[in-house]
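A quick write-up on the structure given underneath.
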Amino acid sequence: MSGFSAELIDYLEGRITFEEFDRRRDERKAEDSEELTEDENKPSTSAQTKATVEDGVSPGVQQAFASILGETAAAASSEEEDSLSYVDDKDDRDFNVEEEEEAKGVSKERKRRLRQGGKRGLKSKLEEEEEDMTVGDVFKLEMELNRENRRLMKGRRHGSKLPQALRGLMGEANIRYARGEKEDAILMCMEIIRQSPLAYEPFSTLAMIYEDNGDVDKALQFGLIAAHLNPSDCEEWIRLADMSLEQDNVRQAIICYTKAIKYDPTNVRYLWERSSLQMRLGEHKQCMDGYRKILSLLPQEDGEHFMQLSKDMAKSYYESNDLPSALSVIEEGLARHPGLVSDDFLNMAAELYICNRQYKKTLQVLVKFADIVLIRAESPSESSALSMKDMGTEEQQKEGEEGTKSNTAEDNDEILDLHVPDSVPVDLRAKLIVCLIQLNVFTPSEGLVSTLMEQSPEEIGDLYLDVAEAYLEQGRYTSALPLLSALVVSEKYDLAVVWLRHAECLKALGHMKEAAESYTKVVEMAPLHLEARLSLATVQQQLGRMDCALKALESMYDSDTLAQDSSAAQKELKLLLHRSTLLKTQGKMEDYLDAMITMISMLLKVAMQRAKVCVRSVTLAGQNHLRLVKIEDMLPEIADHESAYLDNMCKTNVLSKEDWWQLLLSCLLGLCDLQRFEEVDLLVESAMEFYSFYDNKPRRKELEFFGLSATILNQNYYKAYNYIRLMLIENVDLPQFWNIFHQLTISSQHQRHHRFCLRLLLKHPDNHALCVLCGHNAMVSGSFKHALGQYVQALKTHPENPLHSLYVGLTFFHMASQKYVAKRHALVLQGFSFLWRYVELRGECQESMYNLGRALHQMGLTHLAIHYYQKALSLPAWNLDGISEDQVDLRREIAFNLSLIYQASGNTEMARQLIRTHCTL
């Protein structure tokens, strides 16, 4: 663009308008016409001028200018094209500085050339073309330049965000820092930050200043800010990571390494350091991901490092119970570097395959890498078997792989024999034995087992145990017993796990006494082993040693451990469940209930706290037993009941909700059998506070029935009234509930049920039982008119019921017996009319004559009362099904009332005779 006029360049760059461009072009033409005459004698060099890199415009744009102006653009050299199309590295800071300096020089040169005007040979032609340019040509040129600028800017990274005006100040700050004037340098950097907060240079300088001053914290913070503003500087991130580690900030160091890896993802050192730090923080997954990335970056020739890292990763995966990942790493090592597979690596691969129960794959790997020869039915000679390590060439390896596939496809029963080289370590021999046993290839493995047992169990006892466990899994207890017997008598492997396997083997073979001894040894060595205790109890029970079985099922933990450890609580629950079952079968109900109460209290811990119920130990007949007691002033031990309930559910989830419900019912029934009704009531009250039981309506109803029965049998009528009241509210039409309610109100000696009945009567005015009951309450309270109204309403609804006529008649007699009453005789007549109706409906029987005599006795008509009393004595009692005759016989009551009349009249002998005849036991 150096061949164009200055006003055209200014217009294209947007510094002037088109009108200004037109005016300045006319002025320039006038000046150039004067200078042209002076330069005619000078040689022209314009024909040799080419577009240079400093122009900042690609040859395509220059051709566009030439086409607009009618010129023929010169072809650019290969070096110029390369330099113009070159895009510098994004992380190169010097490129921007050089580019800016070059731009300054190009701009000055451009202005100088434009001032000179027509020093080029095509000056006159250029002027003519510029005169002929239209507005559309100028716009076309402007659009082409914009596209070119966007393309160039897209390929280059952004340089420093420090404005040109502040670069001098930044340089001055660096100079002041170099001279030791740190305070002035800090002030200058702060001013630069205030004006340009996104520039990284002042933050970097401040970091260096504070680091020199010994203020590592500030230096690190400013360094982090500078690194975030200039994130492509990997070395700076690594320096900051080292500073973070010096301050023991591992998390921040990991972040710094992550930033460095983002801009240099193939740097193995960065990945290794970050993975090591992640391992320190326990971030196993992230650490393993980093190691996997390292494995993918390691070159083929670095095989030893690859195999060592693969082994370490597989070990780490195995320790974290991630077998699939461990196997994938091991398989990658076997496939990538088969020639570098060592015995340790092969042993680990076999161990992982066995743990994953891939026994065929294990056998495949051992045959391929350990020179083990399998002799099968189709190929009895050793030439048919494959030894993979001797195949060096690629073709031989392919043939070996195909042979291995064909061999593994065959049935394992067809393996007749095998040959194991003497160089194979004993660990791999043991793995081979385990594979053969698991694949039901027992005959070829017997020789290997015999060879294995020739070595001392003190040295290879773990291999003994592996083989023995393989035999146990396949049910070959006879083959496993010699191995286990050799281990239990050794000093090094006299362990609980070995004794447990020995006991299981003896139990399976039917040697119960020896198995009991082995289980006892396990319990002595590992007293917290639950399965050993349960198995010992079962064996002792089979041997008839019930006391020994119960001793094996004694508690393993104290109360503090059970409150804190969920696993311990679950084990204790299983132990108590077996103990309670054994105690119940032996008929030891007190001990059985102790175990049941212990289990239930673990479930209802929070509920019992709310119900203010606790478990106490009491001494009965020299033995300690558990009892449920109510403590009103019990201090709260649990602050947050909701979280405590959830925590308690985690501890007791070893049993399902249905199992817990059955245990609760069994405990309640056991307490009822021993007539411990108060404890039944307390246990029901606690269970009603338990969410899982209370939210289940059928279970809540059943608990209410248990509570009602227990309180009635315990003669706690006040609390029983609370249960029956709730039942009546939900089901007011059930006669059984009303019968129980009547019995409780008679026995409770309180009258709080009066208001309850009245409120309930307002809701259910047509309820017959409620109507009669309210009449009774009003009669007892002396409200005879109210009682009369209720009885009359009952009589209207049930006119054939003789009791209702009796109720109305008695009410009239009570009203007539009052001191101040009008029309007393009319009340007496009405009362007798209803009594005679009662006698008609009931018939002449002991009951009706007795009630008629009582009414006459109450009114003072003793001569008539004597007649009906004597008539009642002559009649027999009712014979009712389900009720004894003594309960319905009224002769004692009749004789007593009649004796009162004789005694009042002075006939004491008659009164004495009646008492002696009918009221003496």
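We did not get these values from a lab; they are worked out from the coordinates using the rules stated. As the structure is a prediction and not an experimental result, all values here were calculated from the model. Heads up, the Cβs are rebuilt from the backbone with ideal geometry, glycines too, and the neighbour counts pull from every protein chain shown.
Data overview
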item: Segment 796-921: Cα Rg divided by the 2.2 N^0.38 Å rule of thumb; result: 1.14
item: Nitroxide proxy distance, nm - points 7 Å out along Cα→Cβ at residue 31 and residue 621; result: 13.0
item: Over 30 Å between alpha carbons, listed pairs 360/492; 612/697; 719/819; 262/315; 361/571; result: 360/492; 719/819; 361/571
item: Charge-dipole axis of segment 657-723 as Lys and Arg at +1 and Asp and Glu at -1 on Cβ define it, positive-most pick from 674, 710, 722; result: 722
item: For residue 416, residues with placed amide H under 5 Å, excluding near neighbours; result: 375, 376, 377
item: Stretch gain in nm, segment residue 733-residue 900, where the contour uses 0.36 nm per residue and the Cα spacing is subtracted; result: 55.9 nm
item: Of 507/657; 368/507; 521/605; 574/605; 311/431; 311/521, those spanning more than 28 Å from alpha-carbon to alpha-carbon; result: 507/657; 368/507; 521/605; 311/521
item: Where Rh is the Kirkwood radius over Cα pairs, Rg/Rh for segment 618-697; result: 1.00
item: Overall form of segment 555-702 per C-alpha gyration tensor (a/c, 1.5; a/b vs b/c); result: rounded
item: Using θ = phi - 60° and Karplus 6.51 cos²θ - 1.76 cosθ + 1.60, couplings along segment 356-365 (whole Hz; Gly, Pro as x); result: 8, 6, 9, 6, 5, 5, 4, 4, 4, 5
item: Paramagnetic reach from residue 440 in segment 472-489 [backbone N under 20 Å; point 7 Å along Cα→Cβ]; result: 472-480
item: Distant-in-sequence amide H partners of residue 614 (H built 1.01 Å from N, under 5 Å); result: 629, 631
item: Orientation-averaged projected area, Cα convex hull of segment 520-637 (nm²); result: 8.3
item: Label-zone membership for segment 237-270, site residue 302, 7 angstrom Cα→C-beta point, backbone N under 12 Å; result: 266-270
item: Charge context of residue 307, other residues only, Cβ under 11 angstrom, K/R +1, D/E -1; result: -3
item: Amide hydrogen neighbours beyond the local backbone of residue 200, cut-off 5 Å, H modeled; result: 161
item: Ascending count of other beta-carbon atoms within 10 Å, so fewest first, for 234, 189, 650; result: 650, 234, 189
item: Over segment 455-554: Rg over Rh, Cα atoms, Kirkwood Rh; result: 0.99
item: Per-residue Cβ neighbour rank within 10 angstrom, fewest leading, 190, 525; result: 190, 525
item: Residue-wise HN-Hα coupling along segment 234-243, computed from phi with Karplus coefficients 6.51, -1.76, 1.60 (Hz; x: Gly, Pro); result: 5, 4, 5, 5, 5, 4, 5, 5, 5, 4
item: Residue order, fewest to most surrounding Cβ atoms within 10 angstrom, among 573, 323, 669; result: 669, 323, 573
item: Hz values of 3J(HN,Hα) by residue in segment 267-272 - Karplus curve (6.51, -1.76, 1.60), Gly and Pro given as x; result: 7, 5, 4, 4, 5, 5
